[in-house]
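S.K.: After the structure tokens below, expect a handful of questions from me.
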Amino acid sequence: MTAVAVFSFDKLVIFGVGLIGGSLARALREYGEHGDAAGLRQVIGVGRSSASSKRAVELGVIDGAAALQDDDALRDALSGADFVLLAAPVAQTQPLLERIAPYLDAGTIVTDAGSTKSDVVEAARAALGTRIAQFVPGHPIAGREASGVDAALPDLYVNRNVVLCPLPENAPAAVERVAAMWRATGGCVREMTCEQHDRVLASVSHLPHVLSFALVEQILASPDAALKFSFAAGGFRDFTRIAASSPEMWRDICVANRAALLDELDAYTAVLARLRSAIEAGDGATLEAVFARSREARSEWQERRVAGATPGDVST
């Protein structure tokens, strides 16, 4: 496993032990087994479905599970927790925080893995009030088209960007503890403001997902959809891979980050209009110039990524 930073913890409680939460648990467990991390390293999962929690226990991803609706079990799960990770759809942030707030220890650090940040921070402020300093907003930029705890990987975050968006109320030590947790998974921690995060991710993650879903939807709406799908090959596969992602999650992301996403959609539509005009006019020179610039930029990005200068595979 890639060398990781020193990190220790006694209890981590994960709300939503799917791909993201499960991969964090697996990464920290593997690090603990191969490194010299101190602490009990107990991981408790809390979910809406007893079946998913049971599966996570069977796989050894978590040590125990608690039901979100069970007050006593939730209290026990959160008692003495070093960290809480919210790895649920962003629309669930406020109700989840309101649910757990009465049981949070004063020293527990809460963070999240949401793909949008401005709305998450607003929800956290509403739910936690004067305890907002305990919440450190975060976003591991990694994922797969598969979902659920069975898709969790211990190396999902290796050489991937993890963005933290510290709040003015956060103690530097709390931010560093969250950063250390992600570095222990092999992640590359970066800091941004919430607004900057949402603009950047709207461009390089949220827009591509919308376009991928839109292409599949366009073909589905055609009278010869079955014929078109039967001839779809590598280009279609690569472009639409992310259309296999969670509809629930991407519904929430699009609504939560709609202002930035609409700006990106408008800009993309303008480029499409230019290309349409060039195609209609038979203007090959314009088309080639656009394609050449795009090819060069994409090649340079890929070279930097392979060299490790810009780690991260933006998937969520």
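S.K.: Within segment 99-119, restricting attention to residues that are within 16 Å of GLY16 (Cβ to Cβ) and more than 13 Å from the chain's Cα centre (by Cα), which residue is surrounded by the fewest Cβ atoms within 10 Å (Cβ to Cβ)? Spell out how you get there, then give the answer.
M.R.: Taking segment 99-119 as the starting set, the residues that turn out to be within 16 Å of GLY16 (Cβ to Cβ) are 99-100, 110-116.
Right, trim to more than 13 Å from the chain's Cα centre (by Cα) and you get 99-100, 110.
Details: ARG99: 17, ILE100: 24, VAL110: 28.
Step by step, filter segment 99-119, then rank; the result is ARG99.
S.K.: Hey, does segment 161-175 have a residue that's in contact with a Phe, Trp or Tyr (Cβ under 7 Å, 6 or more places away or on another chain) and within 16 Å of LEU24 (Cβ to Cβ)?
M.R.: yes
S.K.: I'm trying to understand the selection: among the residues of segment 41-58, which are more than 11 Å from LYS11 (Cβ to Cβ) and part of a strand (DSSP E or B)? It would help to see each step written out before you state the result.
M.R.: From segment 41-58, those more than 11 Å from LYS11 (Cβ to Cβ) are 45-58; that's our starting set.
Scanning segment 41-58 gives GLY45, VAL46, GLY47.
S.K.: Assess whether SER245 counts as being surrounded by 17 or more Cβ atoms within 10 Å (Cβ to Cβ), hydroxyl-bearing (Ser, Thr, Tyr), out of contact with any Pro (no Cβ under 9 Å at 6 or more places or on another chain) and on the phi < 0 side of the Ramachandran plot. Steps first, please.
M.R.: Numbers: surrounded by 17 or more Cβ atoms within 10 Å (Cβ to Cβ): yes; hydroxyl-bearing (Ser, Thr, Tyr): yes; out of contact with any Pro (no Cβ under 9 Å at 6 or more places or on another chain): yes; on the phi < 0 side of the Ramachandran plot: yes.
Spelling it out, SER245 is indeed surrounded by 17 or more Cβ atoms within 10 Å (Cβ to Cβ), hydroxyl-bearing (Ser, Thr, Tyr), out of contact with any Pro (no Cβ under 9 Å at 6 or more places or on another chain) and on the phi < 0 side of the Ramachandran plot.
S.K.: Another one. Does any residue of segment 156-165 turn out to be out of contact with any Gly (no Cβ under 9 Å at 6 or more places or on another chain) and buried (at least 16 other Cβ atoms within 10 Å of the Cβ)?
M.R.: So far as segment 156-165 goes, no, none of its residues is out of contact with any Gly (no Cβ under 9 Å at 6 or more places or on another chain) and buried (at least 16 other Cβ atoms within 10 Å of the Cβ).
S.K.: Let me ask something additional. Check off (1) closer than 26 Å to ALA146 by Cβ; (2) modelled with pLDDT under 95; (3) in the same structural domain as ILE132 (by TED's automatic domain parsing) for THR2 and give me the number that stays unchecked.
M.R.: (3)
Residue by residue, here is whether (1) more than 30 Å from ALA123 (Cα to Cα); (2) surrounded by fewer than 14 Cβ atoms within 10 Å (Cβ to Cβ) holds:
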| position | (1), (2) |
| --- | --- |
| ARG237 | yes, yes |
| ASP263 | no, no |
| ALA267 | no, yes |
| ALA270 | yes, yes |
| GLY282 | yes, yes |
| ALA292 | yes, yes |
| TRP301 | yes, yes |
| ARG305 | yes, no |
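S.K.: To continue, here is another question. For the structure I just gave you, tell me whether ASP82 is buried (at least 18 other Cβ atoms within 10 Å of the Cβ) and not assigned by TED's automatic domain parsing to the domain that holds ALA243. So that I can check it myself, show each step before the final result.
M.R.: Working: buried (at least 18 other Cβ atoms within 10 Å of the Cβ): yes; not assigned by TED's automatic domain parsing to the domain that holds ALA243: yes.
Considered against the rule, which asks whether it is buried (at least 18 other Cβ atoms within 10 Å of the Cβ) and not assigned by TED's automatic domain parsing to the domain that holds ALA243, ASP82 comes out as yes.
S.K.: Between VAL175, VAL200, which is surrounded by 20 or more Cβ atoms within 10 Å (Cβ to Cβ) and either modelled with pLDDT of 95 or more or touching a Leu at 6+ places or on another chain (Cβ under 8 Å) (or both)?
M.R.: Values: VAL200 fails: surrounded by 20 or more Cβ atoms within 10 Å (Cβ to Cβ).
The match here is VAL175.
S.K.: Separate question: Residues ALA243, ALA221: which one is of a type in the set (A, V, I, L, M) and either in the same structural domain as GLY114 (by TED's automatic domain parsing) or more than 25 Å from VAL163 (Cβ to Cβ) (or both)?
M.R.: Details: ALA243 fails: either in the same structural domain as GLY114 (by TED's automatic domain parsing) or more than 25 Å from VAL163 (Cβ to Cβ) (or both).
Every option except ALA221 fails the conditions.
S.K.: Let me ask something else about it. Determine, yes or no, whether GLU145 is in a loop (DSSP other than H, G, I, E, B) and among the charged types (D, E, K, R).
M.R.: On the way: in a loop (DSSP other than H, G, I, E, B): yes; among the charged types (D, E, K, R): yes.
The answer is yes for GLU145.
S.K.: Sort out for me the helices (runs of 4 or more DSSP H) sitting completely within segment 205-268 that have 1 or more residues that are at pLDDT 95 or above and closer than 19 Å to THR116 by Cβ. Before the answer, list the steps.
M.R.: Working: elements: 207-220, 225-231, 234-240, 247-256.
Where helices (runs of 4 or more DSSP H) fall fully within segment 205-268 and carry at least 1 residues being at pLDDT 95 or above and closer than 19 Å to THR116 by Cβ, they are 207-220, 247-256.
The values are calculated or read from the model by the stated rules, or taken from the named source; none is laboratory data. Predicted model, so just to flag it, every value in this text is computed and none were measured. As a convention, Cβ positions derive from the backbone with ideal geometry for all residues, glycine included, and neighbour counts pool all protein chains shown.
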